[in-house]
Amino acid sequence: MENFQIPDYEILPSFLFRVGSLSSFMPLLIIIGILTVLAINFIEYRYRSSLWKRSNLKGDESKFSSRFINAARLLFFGKATGTRIFGRIYRILLFGSVVTLIILYLALISDVILIKPVMNNTFIQGYYYYLWSIVVNCAAIVLFFLTIVSIYLRLIVRPAYLRTNKTDMLFLFGMMLFFVALIINDALRIAIMDRPAYESGFFAAYAVSWFFKNSDPVLLENYYIAGWTISLLLAFVLILLSSIKRSFFSIYLPMHLLNTKPVSLQQKNFYNPKEIIPLKKSGFGQNRLSDFSSELLRSTDACTECGKCDEKCPAMIAELPLSPKAVIGKLNLLLEKKDAQLSDYINADELFSCFDCGLCTEVCPSGVDPLSVITGLKRHYVLEKGQIPPPLGQLFRTMSHTSTSMDNCCKGKSLNYSELPCVQDDIDFDYLLFAGCNYSFDPDKYKNLKFLIKLFSHHGIKVAVLGKEECCCGDAALRSGETALFEKMGKINLRAFEKYKIKKIITVCAHGYHTLKNEYPILAQSEKLPFPEVFHYTSIIRKLIEEEILVFKKSINKNIAFHDPCYLGRFNDMYKTHRVILDSIPGVHITEMRRSGPLSVCCGASGAVNNFEKRKAYKLGEFRAMDAYSNGAHLVTTACPFCYDSISEGVKDINQQGIDVCDIIALLSMSIDEI
């Protein structure tokens, strides 16, 4: 124990400042420098805060404890989706080491400044000091090697998902030099002290000190002074760099996460009835800074420009002109421009290339929500400026005149309601089956609809349809920014629901399910109308299977890949239901796509993009078909009619033999005896 005792002189000066004549004012220089840099950071942060407060929207009111837990989870582990295993390990080591060093040095400072003067004692001594020095050294070594890895990835490997800028590289090289300087400084200090055994806890510096053991002590002290001068300058530069926005080390990232509840797409609604009445200067939609929430404005500073949103974005895959990262960057530029409008920086071609799939928001590790910016600006373009792609205008006219989004209705094709149980027939039913446009005007899907009604009826579930009184749910209009048209169509359906006293609704379309479940209740509330409970047909099928009411008899010996529709999966967390159904069919082997679950890529049929960029939108259907084919799937199935159409076109285009596409209802009919 004697070998590990710390000398009587104060710990802190012996570590940093006890060097000849500089011992008296070196601490003062450091304190002044640190306070100066912190003051600069504080002033900059207050300035940015004043820019975020230009928002007229109410901020987050969630508890600080929940925000703190969310911030810690994102910083240490990354987001559950979009964060690679290597990325999670990197984050744990990085922030774990930083927190460890902060805690240990705070303990050291409190020991010297508070405990020793007040209690005339110290707890960092003997073996505690030895253990303390080992942990400090390990944390510093880990940070040093992580810095080397970061530089290597950015300069040599350059993966597509990892993007950086000059500020990031300056920070990384500064960090590397800082840790090298710290090790050399400690080595000089240990050499000056004649390499005592208790300093061997700093094993890296202790090893380096061997090279200085026979050097002149005066020369070593001069080197030590120079080394700490360089270290302090580097530390000040690094702290100053942390005030720079849109960098991976920026202080704005943890501050944003600490002040914002987790961004979630679950049950997200795109409808705000207040936006139909232009009470604010900027008119309809969201265009000026005051139209966006303070959290969203703050998140533009927290964005690290990592490029994950662009990497995953289906518009980028389809070679459309939209970049979610650029959208956030342009909104960030507006912060310092008074009365600027976002529509001056983002044109209609960019904006209406968005599929509204939400994948950019889902994968963002910084809690940024590009989807909300895009959808808000879409509403401004449509309702205020009237600048939309001509085919989209034609879609709105079709929906307004025919109450459907399908062109087939204009060609004399329509659903034969006499073959289906209708609410007008005064029959007893448990659920209203909301057919939707696609199943109403596509002959093949109409057959599937009839089978589904027959299947429900055979197993004791009575359903009926609205028939000619059913109007399009308005999904395509709402996603494209035509909120007024959505309201018009929604009110028609709501009055029909009230007229026939509908209590429960089953939908067969993923988009119809999301719209009726999450956005119709808001419209119903504004109209003071009751609203029924909404189910997707697959959740009813799953219930029948789990209660052993529905049993599949026929075997389907195929490798099947399930494509997760965006508006069932990401927006409503329906992932397991479809796999439970497939698992219950004899002979089925589920072959997951490489991009499945929360990371499932949009099929290309969402956001009404395929109305004016059909060729590029169908490229995503081809992308999904190849994803399934490359994993050995014989069949791709899905629970959304629009996904089915897009992937079917994709299979045709790649012309791969041995792979087919079918609706999950058609798959059920293959495995059920005649009913």
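Values quoted throughout were computed directly from the atomic coordinates according to the rules given, and no laboratory measurement underlies them. Just so you know, these numbers come straight off a predicted model, no measurement behind them. When we count neighbours, we look across all protein chains shown, and the Cβ atoms used for this are built from the backbone with ideal geometry, even at glycine.
Give, in nm to one decimal, the length gained when the segment between Asn41 and Asp216 is fully stretched (0.36 nm per residue of separation minus the Cα-Cα distance).
Values: separation 175, 0.36 × 175 = 63.00 nm, distance 4.10 nm.
Contour length minus Cα-Cα distance gives 58.9 nm.
Treating each Cα of the stretch 129-217 as one equal point scatterer and applying the Debye formula with no solvent, the log10 of I(q)/I(0) at q = 0.12, 0.23 Å⁻¹ comes out as -0.47, -1.03.
Extension gain, Leu529 to Asp573: 0.36 nm times the residue separation minus the Cα-Cα distance gives 13.1 nm. The dipole here belongs to the stretch 145-247: it is taken about the Cα centre, uses +1 on the Cβ of Lys and Arg and -1 on the Cβ of Asp and Glu, and is about 720 debye. Here the 3J(HN,Hα) profile of the stretch 617-626, calculated from phi with Karplus coefficients 6.51, -1.76 and 1.60 at θ = phi - 60°, is 5, 5, 4, 6, x, 5, 4, 5, 5, 5 Hz, Gly and Pro shown as x. Here's the list of aspartates and glutamates a cross-link from Lys166 could span, going by alpha-carbon distance under 18 Å and ignoring same-chain residues fewer than 8 apart: Asp301, Glu305.
So which trypsin sites (Lys or Arg not before Pro) in the stretch 568-675 are both in a DSSP loop and have at most 13 other Cβ atoms within 10 Å of their Cβ?
Details: sites: Arg570, Lys576, Arg579, Arg594, Arg595, Lys614, Arg615, Lys616, Lys619, Arg624, Lys652; in loops: Arg570, Arg594, Arg595.
Filter output for the stretch 568-675: Arg594.
Measuring between alpha carbons in the structure, the pairs from Lys517/Lys619; Lys378/Lys652; Lys447/Lys614; Lys454/Lys488; Lys543/Lys616 lying more than 28 angstrom apart are Lys517/Lys619; Lys378/Lys652; Lys454/Lys488; Lys543/Lys616.
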